[in-house]
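Okay, structure first, notes after.
The values are calculated or read from the model by the stated rules, or taken from the named source; none is laboratory data. Note that the coordinates shown come from a computational prediction; the quantities given were computed from them, not determined experimentally. Glycine gets a Cβ as well: all are built from the backbone with ideal geometry, and neighbour counts include every protein chain shown.
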Amino acid sequence: MELTNCANCNKLFVKSKFRDVCDVCFKEEEAKFDIVYKYIRKAANRTATMQQVVDGTGVEEELLIKFVKKGRLRLSQFPNLGYPCEKCGTMIKEGRICGNCTNSIRADLAVVEKEEQRKREIAERDHQSAYYSRMDE
C-alpha cells in the first residue's frame, strides 16, 4: 500500500493499482463516465469526435483521454475518439506515440548506433596499431 495525494483534489489517500484518485474523486469520475457512456451509446453520437463529446457532456477532455487509455471506452466501438501522441499531440488510437514519431525516434537511434559503431571501430583500430613494450627490471 502506498500513501499519496489525489491527483484531482490533493487529498491524502491510500493508492491502489486500480485507482489513482481518492474515493470522493473516484465517485465523481464514475458519475462522469456514466454521462459520457450514455452520450456515446446513442446511435447519433457514436461517431462523435473528442470535442463533440466534451461539448455534449461537459466532461473534461483529460478525463475522456483517461477513460480511453484505461480501456474503459473502446475505440473500436467509437471510431472518432482517440488520444494525443505523447510526443507531438497528434490524435492516435493505440500505443503512446504516433507512427511518425516512432519512425523519427527509430531514425535517431539508428544514427546514434552508427556513431557508436564508428567509435568502436576507431578505438579497435587504434588499439591494434599501437606498439607496447615491456621493460624488464
Q: Inspect segment 85-93 for any residue being modelled with pLDDT under 90, within 13 Å of the chain's Cα centre (by Cα) and of a type in the set (Asp, Glu) and give the result as yes or no.
A: no
Q: Any chance you could count how many residues in segment 82-129 are closer than 30 Å to Val54 by Cα and either in a helix (DSSP H, G or I) or touching a residue at least 40 places away in the same chain (Cβ under 8 Å) (or both)?
A: 5
